[in-house]
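Below is one structure; the comments refer to it alone.
None of the figures in this text is laboratory data; all of them are computed from the coordinates on show. Just so you know, these numbers come straight off a predicted model, no measurement behind them. Neighbour counts run over all protein chains shown; Cβ positions are idealised from the backbone, glycine included.
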Amino acid sequence: MPATRILACFAFASLVIASAAPLGCSVTGEASAGSDDPSVSGGQDGTLPSTASDGVKNGDETDVDCGGSAAKCADGRACAKGEDCTSAICKAGTCAAPAPDDGMKNGDETDTDCGGTKAPKCATGKGCAIHGDCTSDACTYDGTCIDEKSCTPHFGGDTCGAGETGTPGAKHESCCTRVAVTDRPAAQGGAFSIDKYLVTAGRMRAFVERWGGNLKQWAQTKPAGWNDAWTDDLPGSEAEALAALGPDGKRGCNVTFDGGRTYWQSAPNGNAGETSDFSKDVLDEKALNCVPWHLAQALCVSDGGRLASNAEITWVFENRGRQGGATTYPWQWKDTSAYNPSTPDPRLSHQYNYATPTPPASMRMQTAGGNTYPLDKAFYISPPGRFPAGANMHGIQDLAGNMLLWVSEREKGFTWTLSWEKHAKNLTVSNWNNADGPQGYYAIGARCAKDD
Ligand SMILES: [Ca+2]
Ligand SMILES: [Ca+2]
């Protein structure tokens with residue numbers, strides 16, 4: 001039998017060249033536990049049968065060394081059913097080439113008939129490998145097309161909600177989750193959508209990094225809702241973006257002066273002492289602060305919306321669409337137990353009541369007035385959604401507390417929604433005082449909204 005085995009192999013070798021199949025022709029006169037023994041089968045322990053690369057069509061193969069329990073067959077080889085083919089399509093006994101209309105995820109498609117180099121782009125919710133696979137140009141770190149480009153990373157992208165990341169019982173979702181508010185009458189502005197969560201530092205990082213910091217170039221793409229008059233106030237390079245999100249020209253944004261920032265960067269302006277005490281991942285989850293108004297507006301526009309207005313924030317803060325009448329604080333649609341804004345309360349991030357879990361041993365401490373506390377004030381800024389008991393009747397989180405907010409009514413306008421520090425409630429638009437530095441504050445952040 002050795003002679004015939006070798007011959008079979010040579011005969012196959014020429015066939016192989018024609019079909020460009022892998023050369024598996026190591027058959028010798030010793031090979032052989034019965035090339036045509038139908039009892040040979042594999043797969044039970046996850047390995048291919050010994051006949052899977054013997055250069056002969058045998059066992060349950062549908063073509064030489066492919067199909068059945070051997071490797072899947074390339075396009076053009078013989079098959080019995082879709083499972084025999086790499087394309088998953090068996091047409092009239094032959095493996096068909098992947099097509100964008102064959103109802104299968106095949107070729108380099110990232111989901112059924114979409115993504116990759118040949119099929120159309122994928123809709124929201126479909127699988128993807130890179131941003132370019134998605135019609136939204138937004139592929140998450142774990143391979144799903146979403147609507148908003150800034151929520152594609154993990155930290156600050158899908159770490160919003162109750163519980164800390166990595167702890168049992170944490171209930172997290174996309175930080176770009178939007179809530180439709182349909183209970184505002186047309187006479188008062190009508191329906192709108194508003195982000196359930198405050199903008200995270202990680203969302204800003206995704207935006208900045210996608211453009212290499214050159215957000216002037218982003219503005220030149222004429223995004224819907226962007227005003228060209230604002231473009232001069234955007235960074236034009238990575239260095240300018242880091243400066244815009246760094247400590248200078250702001251209040252409370254110097255770590256070394258009892259402030260803190262949540263947009264991580266290494267040694268701002270070469271000052272190692274200004275490096276945050278917390279890691280990039282930890283900060284990316286937190287609400288963004290020390291952000292200039294124009295940069296916050298640009299992020300929201302990039303995600304298809306704009307900064308929420310004070311009117312919209314007030315509407316949901318006070319549950320104004322409520323049947324039983326408006327409330328003073330967001331949670332009071334269901335919880336009317338006593339609240340004293342001068343003391344810490346578990347319903348909101350206020351009065352320094354949030355503490356970053358497991359801070360690094362290297363965290364700098366400061367002693368003043370007999371108390372010792374973290375020097376880097378980012379310690380007190382929470383990731384959005386960590387105070388679920390304070391949600392309004394639509395489920396919107398952190399309406400009270402954590403950050404005061406830039407608003408869309410006017411440039412550098414902000415509203416008082418209580419903060420992680422001690423700021424009070426006063427839902428009117430204030431102008432950021434240029435004398436205090438034009439570009440940001442450690443307790444002003446952002447929330448995006450959208451016309452409906
Ligand atoms: Ca074989
Ligand atoms: Ca397909």
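By how many degrees, between 0 and 90 and to the nearest 10, does the Cα long axis of helix 2-19 differ from the longest principal axis of the chain?
50 degrees
Please give the per residue volume of the convex hull enclosing the alpha carbon atoms of the range 65-159, rounded to a whole number of Å³.
Spelled out: Cα convex hull of the range 65-159, divided by residues, is 97 Å³.
State the volume of the convex hull built on the alpha-carbon positions of the range 299-452, expressed per residue in Å³ and rounded to an integer.
In the range 299-452, the Cα convex hull volume per residue is 145 Å³.
Enumerate the amide H contacts of residue 181 below 5 Å, restricted to partners 5 or more residues apart or on another chain; note that Pro and chain-start residues carry no placed amide H.
192, 193, 194
Would you please state which residues of the range 363-398 a label at residue 167 would reach in this model, taking the label point 7 Å out along Cα→Cβ and a backbone N cut-off of under 19 Å?
Counting only backbone N, you get 374, 378-391, 397-398.
Taking one equal scatterer on every alpha-carbon of the chain, how large is log10 of I(q)/I(0) by Debye at q = 0.09, 0.14 1/Å?
Each listed q corresponds, in turn, to -0.68, -1.20.
Quick one: 3J(HN,Hα) in Hz for the range 50-56, Karplus 6.51/-1.76/1.60 with θ = phi - 60°, rounded, Gly and Pro as x.
Result, rounded to whole Hz: 5, 8, 6, 9, 9, x, 10.
Counting pairs of alpha carbon atoms under 8 Å apart in space and at least six apart in sequence, what relative contact order in percent does the chain give?
About 12 percent, as a whole number.
With a cap of 14 neighbouring Cβ atoms within 10 Å, and only residues DSSP puts in a loop, list the trypsin sites (Lys or Arg not before Pro) found in the range 148-205.
Qualifying residues, ordered by number: none.
What are the ³J(HN,Hα) couplings of the range 364-380, residue after residue, when phi is run through the Karplus curve with 6.51, -1.76, 1.60 and θ = phi - 60°? Round to Hz, x for glycine and proline.
After applying 6.51 cos²θ - 1.76 cosθ + 1.60, I find 6, 10, 9, 10, 8, x, x, 10, 10, 8, x, 5, 7, 6, 4, 3, 8 Hz.
Do the sum for the chain: with -39,500 (n - 2.57) for every DSSP H run of n ≥ 4, divided by all residues, what is the mean residue ellipticity at 222 nm, to the nearest 500 deg cm²/dmol?
It lands at -4000 deg cm²/dmol.
Which FRET efficiency value, to the nearest 0.05, do you get for residue 230 and residue 75 by plugging their Cβ-Cβ distance into 1/(1 + (r/R0)^6) with R0 = 56 Å?
E between residue 230 and residue 75, to the nearest 0.05, is 0.60.
To two decimal places, what compactness ratio does the range 154-310 give when its Cα radius of gyration is scaled by 2.2 N^0.38 Å?
Against the empirical 2.2 N^0.38 Å value, I get 1.11 for the range 154-310.
Using a Förster radius of 56 Å, what is the FRET efficiency between residue 118 and residue 429 based on their Cβ-Cβ separation? Nearest 0.05, please.
0.65
Can you work out ³J(HN,Hα) from phi for every residue in the range 59-67, in order, using Karplus 6.51 cos²θ - 1.76 cosθ + 1.60 and θ = phi - 60°, giving whole Hz and x for Gly and Pro?
Couplings: x, 9, 4, 9, 8, 4, 6, 8, x Hz.
With Cβ to Cβ distances under 14 Å as the rule, what net charge do the other residues near residue 401 carry (K, R +1; D, E -1)?
Around residue 401, the charge tally is +3.
Please list, in chain and number order, the residues 5+ apart from residue 94 or on another chain whose amide H is under 5 Å from its amide H, with Hs placed from the backbone.
79
Where does each of 64-73, 125-134 land if you order them by average Cβ count within 10 Å, highest first?
Highest to lowest by the protection proxy: 64-73, 125-134.
Sort 215-222, 365-372, 297-304 by the packing proxy (mean of other Cβ within 10 Å over each peptide's residues), most packed first.
Packing order, densest peptide first, comes out as 297-304, 215-222, 365-372.
Report the trypsin sites (Lys or Arg not before Pro) located in the range 396-452 that are in a DSSP loop and have at most 15 other Cβ atoms inside 10 Å of their Cβ, or state none.
410, 422
How much length would be gained if the chain were fully extended between residue 209 and residue 337, taking 0.36 nm per residue of separation minus their Cα-Cα distance, in nm to one decimal?
Using 0.36 nm per residue and subtracting the Cα-Cα distance, I get 41.6 nm.
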